[in-house]
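This report refers to the structure that appears directly beneath it.
Each value in this text was obtained by applying a stated rule to the coordinates, not by laboratory testing. Owing to the predicted nature of the structure, the values given are computational and were not obtained by experimental measurement. Neighbour counts are summed over all protein chains in view; Cβ atoms, including those assigned to glycine, are modelled from backbone coordinates with ideal geometry.
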Amino acid sequence: MDLALLRTFVTVHRAGSFTRAAALLGLSQPAVTSQIRTLERQLGRPLFLRQARGVTPTTIGDELAHKAAPHLDALVEIAESGLEEDSFLRTLHLAGPPEFTAERALPALTELAGKDGQGFALRASFGTAEEALEGLAAGHHDLAISTARPRGALLTATALCDEEHVLVAAPRWAERIGPGAVGRTGPSALEQVPVVEVHETLPFVARYWASVFDSRPVAPGTVIVPDLRAVLACATVGAGLAVLPRYLCAGALERGEVVALHEPPVPPLRTYFLVVRTGTLAMPHIARAHEWLERAATDWC
């Protein structure tokens with residue numbers, strides 16, 4: 001079987017479309033379509049179901065991808081690393097949410113990258129969980145940090161750590177609400193407080209309200225900024241309440257710049273997963289980074 005056909009097949013399987021696979025491979029879409037048809041003729045089985053938007057693998061296609069992808073990735077590793085003595089420095093491509101990746105993962109990985117005999121170059125990109133997993137599946141990244149556990153056999157996820165969420169606001173809002181008011185009266189004590197969030201849908205506030213109060217937030221977002229560090233900065237100067245990861249606002253809480261408005265007996269948690277393409281942990285630089293992040297995460301929980 002032609003390895004070029006298998007490489008095209010795995011790329012289409014990961015990308016979910018002939019068009020995206022063609023762009024990744026530097027080929028025309030008709031060329032990709034022709035290669036997939038050739039492979040299907042050789043196997044005597046359909047590998048994809050053609051749909052209006054992209055393609056969906058058949059069960060035979062999923063089985064072939066699960067078997068072939070790790071070996072093709074290993075061949076790419078060999079080809080890219082070469083046999084020269086100075087070729088040990090590999091590049092690790094990491095994707096994840098901006099705040100957690102910047103505050104947690106990158107400091108840990110840059111420490112590892114600088115160790116004698118362990119060095120590798122590091123490239124990071126930020127995005128949503130969906131974007132990170134799609135990019136990982138398509139081969140753009142080596143590791144992804146995600147708050148969603150991927151489905152299917154092509155990606156392997158390991159629980160990394162849990163993130164506790166805290167309801168905070170500047171001290172003047174806490175004084176206006178009154179000590180213990182949220183515990184006594186519930187979310188009604190917060191109805192007149194503006195909300196600072198990362199998106200119009202209020203993902204963090206809505207999750208907190210559902211988990212702690214079994215209700216939905218009433219107030220709309222007053223300040224919307226797409227980075228939790230900016231949310232903290234706005235909450236610190238009194239823009240309104242916010243729901244933030246404890247690790248991100250711990251310093252501001254200690255300094256009194258923000259105050260926890262409520263301390264529920266069971267705080268809301270969100271789990272982070274460390275995700276790789278199945279089989280790629282055979283690559284030394286990915287395996288080292290994966291192990292190092294798991295070890296570092298024991299101090300993050």
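Spin-label model, residue 50 to residue 172: label points 7 Å out along the Cα-to-beta-carbon direction sit 6.4 nm apart. The packing ranking, built from the mean of other Cβ atoms within 10 Å per residue, places the peptides 138-151, 9-22, 39-52, 251-264 in the order 9-22, 138-151, 251-264, 39-52, highest first. Taken along the Cα-to-beta-carbon direction at a fixed 7 Å, the label points for residue 29 and residue 200 span 3.0 nm.
Inter-part distance, segment 53-74 to segment 245-301, computed on C-alpha centroids, equals 31 Å. In plain terms, the C-alpha convex hull of segment 183-300 casts an average shadow of 9.4 nm² when viewed from every direction. Taking only the C-alpha atoms of segment 3-81, the Rg (one decimal) and the largest Cα-Cα distance, Dmax (whole number), read 12.0, 39 Å. Rounded to the nearest 10 degrees, the angle from helix 59-81 to the longest Cα principal axis of the chain is 90 degrees.
Largest GNM mean-square fluctuation among 109, 248, 24, using the chain with Cα springs under 10 Å: 24. What's the local net charge at residue 177, with K and R +1, D and E -1, over the other residues with C-beta under 15 Å away? Result for the local shell: 0. Taking label points 7 Å from Cα along the Cα-to-Cβ direction, residue 71 and residue 151 give a separation of 2.9 nm.
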